[in-house]
Each structure stands twice: as structure tokens, then as C-alpha cells.
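The structure under discussion appears below in the form of C-alpha cells.
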Amino acid sequence: MAVGAAACSSTNSSTTTTAASGGGSSTAGANGRTIPQSAFSDHTGVTATQVKVGNVSTLSAGLFKGAQVGTQAYIDYVNSTGGVNGRKLALENGDDSFTGAGNKQATQNALANDMALVGNFSLEDSYGGAVLAANPGFPDVSQVLDNATNKLPNVYSPIPLKDGWSEGQMQYYKNKFPADVNYAGALLADSPSAAQTWAGEKYVMQKAGFKLIYEQTYAVTQTDFTQNVIAMKNAGVKILFIDQMPPNYASSVLKALAQQNFHPQVLLGAATYSNALIPAAGGAANVNGAFLAQNLTLYQGADATVVPAVGTFQHWVQEASPGFKPDLFTIYGWLSAELFAQALKDAGSNPSRGSLLQALSKITAFNGNHIAATTNPAAGKPSNCYLIAEVVNGEFQRVDDPPVTGPTAGFRCDYSYVIKPGT
């Protein structure tokens, strides 16, 4: 797999302008991104042989350990090819301990020592976002949950998040399960970032014609969903969206459904997709028939024979952390590091934070060698494309998807990505 994914470079020329705030001057890069002029002389973390990057994630209870494993895995891979423009990458990990103060401090540490942040994942990222807002020349290439941080000109994501959803997924489910449309249920985490994401999904769900008759949040400490399942059964839920649940929560829901002999159509998502899900749920019988929609390949291994990048990902994750079971946060870390490495290559032989940001502002197409649906990181535009899979005999299998060898690389690209009005 090449160091950089396929990308289209903008032909926009850069011009120097007066900064809107904070004094000094700035450079207008491509796609409306503004870069402080001082960033072009800032070589923090860069030596003749090495580029240091930081990662700030939540490691409490192993919550988002995958973000650092995936970032390290891609760094190990790219270093095995000789690095980027003759320099090896080095990762400095930070743990925010699931606190805002910890996230802010770890971000400040990275600001002082590293060229950029790469592959972060935390529910507390708004605190680090304040540091990024005050230091617009400091790049962050990560999956960011906080809406305000996502809008900063120095933040780039391989899979940009917006307050919306792919309408194609909802239309597919509506057509697949027409008798269930008026009896939908949903469970979502009781956190600001989850509420924000859910608002976008709910808007598109209802736009497609679904009627929610049960909608409930759960605390991060909740481990037993029996009462939720009983309530859904009594309410008459026929189709259940747990697509935003991490596998440790989703598996508990699936076990409770089986224990109560309640079998609505279960819909899974990118957060739920994991090789750990089925064993934790009590076995294949408790998960068979569940459907999955996501904008990533079946990177747990099912697509390894048809998407070479999946095999590469799987191999280097085990090199970085033997025995580790990759999850969504692992692939986020991997793709973030790949996007960073591509921009670093384009930033030239004497890279600065400014030249890195300028290179990032020109990456308008990215898919990690088809491990993900193609997005536009420079413009912060997500993809409308997705795949559909079903759990059959304890295995995730593609259904109703175009061929991987086709023009959409195995993703369904019908309908649009719809953003909730007013966001």
C-alpha cells in the first residue's frame, strides 16, 4: 500500500492576508482554510531524521485504546517503508483520563513538543479544542467529536463528521423492512457528543419516514439493559437502532433481548462493528440477522481478500499490539495517520506546521486505499456512500452491495448525505 492515498490537489494559489484576529498575518490556503504565516517557520517536532506527533485519547478502562493502537500501527507501517521523505515518524501518547482538564493539558504538551496531533479520540476533545483554537498554526489530524472544534481551520479528519446522516442507509432499511417503519426504537449514550450525532441521525431517519416510539439514553456506567428491553417490548418496538453503541454496550443489549425472548430487527453501525461483539453477546444465535450499515469496509477481516488495505491494516495492528482486537477507533487512528503521512509527504523536504496545513488543505479526496468511502477532508465533507452487511452464522457478510471491483469500490452511493437544518 502506498504511503499516501489517492488525492486531488487544488490549484489554488496562496496569498498573504491580514489575520482576522490575534494580530500578525495569515496565508489563505485552499478550500477557505486560513494558516498563520508564523506556522511556516514553526518546525516543532521535526529533526533531520524524525517527525514527532502526539495523540491525546481516553485510555481509562481501555475505552479508546484503539485510537493509539491504530495510529501506531500505521506509523510502524510507514516507517517500515523508510518513513516520509527520509524521516521516521515517532508517536508520543497522552491519556486524558476521561477528564476535560486532562485533555487540555495533554493537548498543551503536544503543542510544545510535537509537529501535530494525529489520531486522537476522546469525548472530552472540546477542552483540547480550546487549545487548538488559540493556536491555529497547530495541526490536528483526528476524528473530532466536538462540533466547534471540528470547524477550526487547523483540524482535519479522514472521515469528517457533520450534523447529519447518509439518507441511503435509512431508505434501504425502510424498503427492506417496510412493516417496521412505524415502530422504531433507539438507545444512545447520555453524552453531549452522542446527543449531537443522534440529532443528525434522527432528523434523517424521520425524513425517510421512520416513527420513533421508544427513545432512551443510557449512562456510561450502565451494564444491564433488561429494563430497557422490557420497556421496548411493551411499547411494541419492531426495529431497533443501536448503531451508535460501542460493542460492550451493544452486546449487553443483545443478551438482554435474547433473555427476554424479544426479537426486533436490530440495526448496527460503525461503532458497534467489532469481532468482540458476537462472543460478548453470548454467541452467534443472539446476533444472527442483525444488519450493519457503515462507510467503512468490513475491515475486521471479511474484506481482506478483496480490499488489500484491509490485510495491511490487520497485519500492522498485530505488529503494534499483538492480540489486540481492532475496533472503530483503531481504524480511525490508522486513517488519521495515513492522511497525516500523505500531507507530510506533500509538505516537502523541510516541513513546517504551516506547509503541513497547506498540504492538508489540498487533499480533496481520501479513502485510505478504499478501506473507507471517499471523503473530502479539505472541505470537511463526509461521504454519502455506505455498505450493508448482515450477521449470518456469526459472521458479517456483505448484502446488496455493488462489487468491490466496481467504480464505487463496493459502496452504495445512492441518495445524499443530509445535514440537519440549522447546524
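The values are calculated or read from the model by the stated rules, or taken from the named source; none is laboratory data. Please read these numbers as outputs of a predicted model, since none were measured by experiment. Note: ideal-geometry Cβ built from the backbone for every residue, glycine included; neighbour counts use all protein chains shown. Note: areas computed on protein heavy atoms with side chains; ligands, DNA, RNA excluded. Shrake-Rupley method; radii C 1.70, N 1.55, O 1.52, S 1.80 Å.
Observations on the structure shown:
- Pairing residues of the range 389-413 that are on the phi > 0 side of the Ramachandran plot with residues that are in a strand (DSSP E or B) and surrounded by 12 or more Cβ atoms within 10 Å (Cβ to Cβ), at Cβ distances under 7 Å and at least 6 apart in sequence or on separate chains, gives D400/I388; G410/L387.
- Within the range 217-249, considering residues that are under 18 Å from D180 (Cβ atoms) and free of Cβ contacts under 8 Å to residues at least 40 places away in the same chain, the one farthest from the chain's Cα centre (by Cα): N234
- Qualifying positions in the range 367-394 - aliphatic (A, V, I, L, M), open to solvent by less than 30 Å² (accessible area, probe 1.4 Å) and not in a loop (DSSP other than H, G, I, E, B): A372, L387, I388, A389, V391
- Checked against the criterion of being free of Cβ contacts under 8 Å to residues at least 12 places away in the same chain, within 22 Å of D76 (Cα to Cα), open to solvent by 30 Å² or more (accessible area, probe 1.4 Å) and not β-branched (V, I, T), the range 298-305 contains one or more residues that satisfy it.
- Meeting the requirement of 1 or more residues that are buried (at least 24 other Cβ atoms within 10 Å of the Cβ) and acidic (D, E), the helices (runs of 4 or more DSSP H) wholly within the range 307-365 are 328-346.
- Residue identified as in contact (Cβ under 8 Å) with a residue 24 or more places away in the chain and assigned to a loop (DSSP other than H, G, I, E, B) among A199, A194, A270: A270
One line per residue, one yes/no per condition, for (1) hydrophobic (A, V, I, L, M, F, W, C); (2) within 22 Å of I331 (Cα to Cα):
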| residue | (1), (2) |
| --- | --- |
| I230 | yes, no |
| A256 | yes, no |
| Q260 | no, no |
| L267 | yes, yes |
| L277 | yes, yes |
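- Taken together, Q206, Q222 contain a single residue that is within 25 Å of S166 (Cβ to Cβ) and either in a helix (DSSP H, G or I) or modelled with pLDDT under 95 (or both), which is Q206.
- Of all the listed residues (K325, K362), the sole one being among the basic types (K, R) and either farther than 25 Å from M245 by Cα or modelled with pLDDT of 95 or more (or both) is K362.
- Within the range 162-191, restricting attention to residues that are touching a Gly at 6+ places or on another chain (Cβ under 9 Å), within 28 Å of S126 (Cβ to Cβ) and outside any helix (DSSP H, G or I), the residue that is least open to solvent (accessible area, probe 1.4 Å) is G164.
- Enumeration of residues in the range 225-246 that are in a helix (DSSP H, G or I) and in contact with a helix residue (DSSP H, G or I) (Cβ under 6 Å, 6 or more places away or on another chain): T226, V229
- When the range 149-158 is filtered for residues that are at pLDDT below 95 and either in a loop (DSSP other than H, G, I, E, B) or farther than 24 Å from G269 by Cβ (or both), only K151 remains.
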